[in-house]
Amino acid sequence: MTKIVYIGAGSAGFGKQLVAGILSHPELASGTLALVDLDEENLRVATRLAEKMAAQLGVAPRLEPTTDRRQALDGADYVISTVTAAGGIAARKAERRISERYGVDQAVGCTTGPGGVFRTLRYMPIMLGICRDMEELCPRAWLFHYANPTAAVSLGLNRASSIRSVGMCHSVQGTASQLAGILGVPFEETGHWVAGVNHQAWFLRFEWRGEDAYPQLRQKMADPEVYRSEMVRIEMMKHFGYFVTESSYHNSEYVPYFRKNPELIARFAPKTGAWEDHQSHTEKEVAARRVRLAQEADSDGPVEIPETREYCVDILHAMVTNTPFRFNGNVMNTGLITNLSDSLCVEVPCLVDNMGVHPCHVGDLPPQCAALNTSRSAGDELSVQGALEADRDAARQAVALDPLTAAVCTLDQVDEMVEELFAALAEHLPQFS
């Protein structure tokens, strides 16, 4: 019987939809599903929701809720992790507040720059702890993790652990669906071939009914309304030839062109809607979601069973049933993208079946795309070195290599900013004490 362990099952964002996806496949729901969370109330709600969804779907998994990760991991076949980095939203607020004082106005700060580097430092001990337990208790299990910065965390785990792991993200399928919407065609009639690095992977091909859809996309994107909805990514496509994954607001912080001053931010990436105060909005939305989930779990009525486009569920289904599936995963660059460094983690198409995950060879990216990926990833190796070796200099150098930081800060300012960040986040970085 298959044993799936979900660490972070009480997640307000991922939890319910991933569990619903697993339970919606009888082949996955016939085994054991261990739900792990350190927060007993979040775990209780997640368990009750799982019980209700299972009953509605007519499946009978063996549910094992626990706060003891090691107990759950014993004998696991597959492990999913959606745990957060140490310090949570409060630490992210501190990272943003300090970096903004030095002119580094990161949009989100979870991938590159000061936020991305220090998030790597906060995440790595937690993720390595999971891997160390897996090495002892389920060494042949696969680990699928949702942990931004996905590329850096994936690189660190591949360097420091023997556990087979893949970094997960939804920006490829999300963008593909968005492009189909811009064209006004059914997503199922489109096809895509995407490669690069996480949050900056390129739609090397986007087709509709087997034909190149880029000419139609360019036409549609000339519409002022469409342009305003994706200014950064459309500008990137206009200048570099290919559409890129992740939102325009997010993408504006990975390159030096759009956030060097308030005027550029207002022009290309204005703070509107949920982005006006992203951290506070996220905090409020998480709290509101938790209230809704608890009400749904404790009510006498049926539970809404959401559909999910998260790759993770389809990957597990493919492995268990030997039904081939293709997704974009974050894996080591073992010659997959030939004009990017082999020391990087790349996001490429991967085939999956009952023998595991098989990353696809892509070859050379267009040189301009490879150059931007190299720039975006310049600090990844050093941030991982900083995390694995408690190397403050490596962390400082990683921040200095960030394209946006380099566009607005002197090296002396980088040093001062990094020292402030270490001081503010000291309680979440015990390995540096």
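For Leu155, indicate whether it is farther than 23 Å from Ser11 by Cα, assigned to a helix (DSSP H, G or I), modelled with pLDDT of 95 or more and not assigned by TED's automatic domain parsing to the domain that holds Ala395. Even if it seems obvious, please write down each step before you answer.
Working: farther than 23 Å from Ser11 by Cα: yes; assigned to a helix (DSSP H, G or I): yes; modelled with pLDDT of 95 or more: yes; not assigned by TED's automatic domain parsing to the domain that holds Ala395: yes.
When the stated conditions are applied, Leu155 passes them.
Determine whether region 225-243 contains at least one residue that is aliphatic (A, V, I, L, M), assigned to a loop (DSSP other than H, G, I, E, B) and closer than 28 Å to Leu336 by Cβ. It would help to see each step written out before you state the result.
If we filter region 225-243 for residues that are aliphatic (A, V, I, L, M), which is where we start, we get 226, 231-232, 234, 236-237.
Keeping just the survivors that are assigned to a loop (DSSP other than H, G, I, E, B) gives none.
Looking for residues that are aliphatic (A, V, I, L, M), assigned to a loop (DSSP other than H, G, I, E, B) and closer than 28 Å to Leu336 by Cβ, one finds none in region 225-243, hence no.
Quick check on region 74-87. Is at least one of its residues surrounded by 17 or more Cβ atoms within 10 Å (Cβ to Cβ) and more than 24 Å from Cys312 (Cα to Cα)? Talk me through it step by step, then tell me what you get.
Initially, region 74-87 is screened for residues surrounded by 17 or more Cβ atoms within 10 Å (Cβ to Cβ), giving 76-87.
Within this subset, residues satisfying the condition of being more than 24 Å from Cys312 (Cα to Cα) are 87.
Yes, because at least one residue in region 74-87 is surrounded by 17 or more Cβ atoms within 10 Å (Cβ to Cβ) and more than 24 Å from Cys312 (Cα to Cα).
When you check Pro139 against the structure, is it within 22 Å of Ser341 (Cβ to Cβ) and not assigned by TED's automatic domain parsing to the domain that holds Asp380, yes or no? If you could, list the steps in order and put the result at the bottom.
Working: within 22 Å of Ser341 (Cβ to Cβ): no; not assigned by TED's automatic domain parsing to the domain that holds Asp380: yes.
In short, no.
Quick one: would you say Ala201 is assigned to a helix (DSSP H, G or I), in contact (Cβ under 8 Å) with a residue 12 or more places away in the chain, of a type in the set (A, V, I, L, M, F, W, C) and buried (at least 18 other Cβ atoms within 10 Å of the Cβ)? Before you say what the answer is, go through the steps one by one.
Numbers: assigned to a helix (DSSP H, G or I): no; in contact (Cβ under 8 Å) with a residue 12 or more places away in the chain: yes; of a type in the set (A, V, I, L, M, F, W, C): yes; buried (at least 18 other Cβ atoms within 10 Å of the Cβ): yes.
For Ala201, the condition - assigned to a helix (DSSP H, G or I), in contact (Cβ under 8 Å) with a residue 12 or more places away in the chain, of a type in the set (A, V, I, L, M, F, W, C) and buried (at least 18 other Cβ atoms within 10 Å of the Cβ) - is not met.
For region 409-419, how many residues meet the condition of being in a helix (DSSP H, G or I) and crowded, with 17+ Cβ neighbours inside 10 Å?
Residues of region 409-419 that are in a helix (DSSP H, G or I), as a first pass: 411-419.
Remaining after also requiring crowded, with 17+ Cβ neighbours inside 10 Å: 414, 417-418.
Of the residues in that region, 3 qualify.
For region 160-176, indicate whether the set of residues that are of a type outside the set (Val, Ile, Thr), over 18 Å from Val346 (Cβ atoms) and in a loop (DSSP other than H, G, I, E, B) is non-empty.
yes
All but one of (1) part of a helix (DSSP H, G or I); (2) at pLDDT below 95 hold for Gly301; state the number of the condition that does not hold.
So Gly301 meets the others, but not (1).
Glu304 passes all but one of (1) closer than 30 Å to Glu41 by Cβ; (2) in the same structural domain as Gln106 (by TED's automatic domain parsing); which number fails?
Going through (1) closer than 30 Å to Glu41 by Cβ; (2) in the same structural domain as Gln106 (by TED's automatic domain parsing) one by one, Glu304 breaks only (2).
Only one of (1) in contact with a Pro (Cβ under 7 Å, 6 or more places away or on another chain); (2) without any contact (Cβ under 8 Å) to a residue 60 or more places away in the chain fails for Gln431. Which number is that?
The single condition Gln431 does not satisfy is (2).
Can you name the number of the only condition in (1) touching a residue at least 60 places away in the same chain (Cβ under 8 Å); (2) among the hydrophobic types (A, V, I, L, M, F, W, C); (3) farther than 18 Å from Glu304 by Cα that Leu38 fails?
Going through the list (1) touching a residue at least 60 places away in the same chain (Cβ under 8 Å); (2) among the hydrophobic types (A, V, I, L, M, F, W, C); (3) farther than 18 Å from Glu304 by Cα, Leu38 breaks only (1).
Suppose we keep only residues that are under 19 Å from the mean Cα position of the chain (by Cα) and touching a residue at least 60 places away in the same chain (Cβ under 8 Å) within region 347-374. Which one would you say is nearest to Met168 (Cα to Cα)?
Glu347
Do any residues in region 243-261 that are outside the structural domain of Ala176 (by TED's automatic domain parsing) and crowded, with 24+ Cβ neighbours inside 10 Å have Cβ atoms under 9 Å from those of residues that are outside any loop (DSSP other than H, G, I, E, B) and at pLDDT 95 or above, where the two are at least six apart or on different chains, and which pairs are they?
If the second residue must be outside any loop (DSSP other than H, G, I, E, B) and at pLDDT 95 or above, no pairs are left.
Going by the structure shown, is Pro215 surrounded by fewer than 20 Cβ atoms within 10 Å (Cβ to Cβ), on the phi < 0 side of the Ramachandran plot, part of a loop (DSSP other than H, G, I, E, B) and more than 26 Å from the chain's Cα centre (by Cα)?
No: the conditions fail for Pro215.
Select from region 244-285 the residues that are assigned to a loop (DSSP other than H, G, I, E, B) and β-branched (Val, Ile, Thr) and write down the one among them that is modelled with the lowest pLDDT.
The initial filter retains those residues of region 244-285 that are assigned to a loop (DSSP other than H, G, I, E, B), namely 245-247, 252-261, 269-272, 276-277.
Then drop every residue that is not β-branched (Val, Ile, Thr), which leaves 245, 255, 272.
On the way: Thr245: 98, Val255: 98, Thr272: 69.
Across region 244-285, the extreme among qualifying residues is Thr272.
The values are calculated or read from the model by the stated rules, or taken from the named source; none is laboratory data. What you are looking at is a predicted structure, and each value in this text was computed from that prediction instead of being measured. Every residue, glycine among them, receives a Cβ derived from its backbone with ideal geometry; neighbour counts consider all protein chains shown.
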